[in-house]
1. So which residues in segment 1-19 are closer than 14 Å to residue 40 by Cα and either assigned to a loop (DSSP other than H, G, I, E, B) or at pLDDT below 95 (or both)?
2. Which of the residues spanning segment 23-49 are out of contact with any helix residue (DSSP H, G or I) (no Cβ under 6 Å at 6 or more places or on another chain), part of a loop (DSSP other than H, G, I, E, B) and either surrounded by 19 or more Cβ atoms within 10 Å (Cβ to Cβ) or in contact (Cβ under 8 Å) with a residue 12 or more places away in the chain (or both)?
3. Determine whether residue 157 is without any contact (Cβ under 8 Å) to a residue 60 or more places away in the chain, under 27 Å from residue 109 (Cα atoms), assigned to a loop (DSSP other than H, G, I, E, B) and within 16 Å of the chain's Cα centre (by Cα).
């Protein structure tokens with residue numbers, strides 16, 4: 001069985017979309033894959049409750065308990081590896097990972113970013129797109145590399161920037177697309193791993 005470990009920091013809406021797709025599309029039977037665990041760096045992450053209700057193992061590796069990024073990443077890696085992951089999925093995981101951590105999962109770690117990469121890597125993407133006068137924004141699923149938000153693109157979806165849009169209204173429309181393309185991209189990647 002191909003084990004998927006999903007990392008979250010908050011509500012876990014993309015995690016929930018992936019879990020729903022795995023169930024609806026019968027990933028265990030069709031792809032030999034399952035969501036084995038959900039791990040958060042925040043003990044209060046709402047997505048942990050969602051995963052637990054779905055019968056998925058959950059754990060917390062609180063970044064505040066570690067003196068530095070390397071120590072946190074080592075503990076996180078141990079928690080992930082306990083589930084023998086085929087794929088690590090970042091779903092709203094709001095920590096920058098060290099190159100050594102990313103290297104350990106080369107070709108097996110994916111992220112979704114709320115812009116049409118390579119445009120607007122990093123934070124505040126929706127406001128930056130509005131401020132730049134973009135007529136189109138979007139979302140990107142990509143493989144994670146040591147360079148932040150620069151890995152190979154697996155899938156994208158475009159979202160129009162409407163007159164009067166705020167960062168919040170644009171983000172809400174983009175999120176609906178994330179919930180569609182992320183599960184598709186994960187399923188496609190699992191077929192080739």
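1. Scanning segment 1-19 gives 9, 10, 11, 12.
2. 25, 32, 42, 43, 45
3. no
The values are calculated or read from the model by the stated rules, or taken from the named source; none is laboratory data. These figures come from a predicted structure and were not determined experimentally. All Cβ positions, glycine included, derive from the backbone under ideal geometry; neighbour counts span all protein chains shown.
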